[in-house]
Amino acid sequence: MQKSLLASLLLLGLTSAQIDPRPIPTFTINLDLPPRARFTEPTKHFAEGIITVLEWYEKNLIQYLVPENLGVMLDYSFWYNHREYYLEMEGIAQTVGIDTKRIVIANFAYELVAYCTSVLAKQKDGLIMHLRLYDFLAADITKNITYIADYQKGGKTVFRAVMNGGTNFFPTGMKDGAFSITLNQRNALNHSQPEFFVNLGLISLGVKQTVIKLREALQQCEDYTCALNLLSNDKIITGGYYILAGAKGDEAVVISRNRDGPANVTQISEEHWYVVQTNDDHFAGVCRERCTAARANFEKLGRDNLSVQKAFEQILMVEPNLNAGSIYGIKMVPSSNHPSDM
């Protein structure tokens, strides 16, 4: 039984997605091990699938985004600036028998193509829920390397995350009794040529990716306030949306990030009892199809009828939020043990 963090793989159809009842496997990531050895077990388990996904991304995405000389720079920059994380990638690469540079490049490229729905809501009894639908390219093969990682230190769980084999970072995680975080791509900042070259300069200087800051918040912080400060203020390579839920009060925010700090922080309240984030600047009035549908379904459900399961089924598990690119749906309730019903 998973405690508080529940995830279900999604089986894709031609034009829509349906829930696949298969559970996501769980692997322990032992932070007491040397970095190269931490991801050996899931990497061995998913080795064939990791190569399949990596080759798809190299053929359809990476060759257009990352020229060969840029790949060398990324590899060296990660080795020089983020040695512990580089050694984790090196261990993954050695386990599947490929060059570490391919894993490094993939970890950067994966961050550019995630289109997700993250919602926060507060029930009348004060319970805060954090729901997430994760969409990705090549969903039909990527779902085959998806797993829950139980990060442990001293034999005890530090936090848990939903991960893809072949990577050591992730966009979804939770620390029981404290907080949960999801990361959505921020389209407004990522795709112009000047922005691209600024990103390269920051990478060479050792500025961290949004996914690295997410992992550090879960690994270093013990409470919501610490995570809020770290995710709001630490410099990052490019923008993103951090969706953060805590265990009490109005501890639920969407932090819309620029490189140097927040562009906006939207917090839940008694009056504004839900927030929807679908890769758009919601605070600027941008609300396209997935956002509009989720908001309409929240209003249709109503706060009086709100529950974790109803919100999951009636807001996330319906089109257009549920779509052919959806890989997993997840329910997170940081304040409580939420029994698995999947």
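Derivation of every value follows stated rules applied to the coordinates shown; laboratory data play no part. Being a predicted model, the structure only gives us computed values, none of them experimental. Note that we place each Cβ from the backbone using ideal geometry, even for glycine, and neighbour counts take in every protein chain shown.
Taken over the Cα atoms of the chain, the convex hull encloses 124 Å³ per residue.
Each residue of segment 38-49 was assigned a 3J(HN,Hα) from its phi angle through the Karplus curve 6.51 cos²θ - 1.76 cosθ + 1.60 (θ = phi - 60°); the sequence is 5, 10, 4, 4, x, 5, 4, 4, 9, 3, 5, x Hz, with glycine and proline shown as x. Residue ranges 208-218, 147-157, 166-176 sort as 166-176, 208-218, 147-157 when ordered by packing (mean number of other C-beta atoms within 10 Å per residue, highest first). Qualifying GluC sites (Glu not before Pro) in segment 221-271, where qualification requires a DSSP coil assignment and no more than 11 other C-beta atoms within 10 Å, comprise GLU270, GLU271. Loop-located trypsin sites (Lys or Arg not before Pro) in segment 265-316 (DSSP state not H, G, I, E or B) with no more than 14 neighbouring Cβ atoms inside 10 Å: ARG288. Residues whose amide H comes within less than 5 Å of that of VAL158, counting only those at least five positions distant or on another chain, are TYR151, GLN152, LYS153 (H built at 1.01 Å from N in the peptide plane). Taking every alpha-carbon pair under 8 Å whose residues sit at least 6 apart, the chain reaches a relative contact order of 26 percent. Computed from Cα atoms, the angle from the helix 100-110 axis to the main principal axis of the chain rounds to 30 degrees. Each 10 Å bin from 0 upward holds the following percent of the Cα-Cα pairs of segment 33-110: 19, 52, 27, 1. For segment 290-303, 3J(HN,Hα) computed residue by residue from phi via the Karplus equation (6.51, -1.76, 1.60; θ = phi - 60°) reads 5, 5, 4, 5, 5, 4, 4, 6, 4, 5, 5, 5, x, 5 Hz, glycine and proline entered as x. Here the Karplus relation 6.51 cos²θ - 1.76 cosθ + 1.60, evaluated at θ = phi - 60°, turns the backbone of segment 83-90 into coupling constants of 4, 4, 5, 4, 5, 4, 5, 4 Hz, with x for every Gly and Pro. Below 28 Å, Cα to Cα, which lysines can LYS122 reach? Residues fewer than 8 away in the same chain don't count. Once the sequence-local lysines are set aside, what remains near LYS122 is LYS3, LYS175, LYS213, LYS248, LYS300, LYS310, LYS331.
The H on the amide N of LYS208, modeled in the peptide plane, is under 5 Å from the matching H of ILE237, each at least 5 residues off or on a different chain. Relative to the longest principal axis of the Cα atoms of the chain, the long axis of helix 193-204 makes an angle of roughly 70 degrees.
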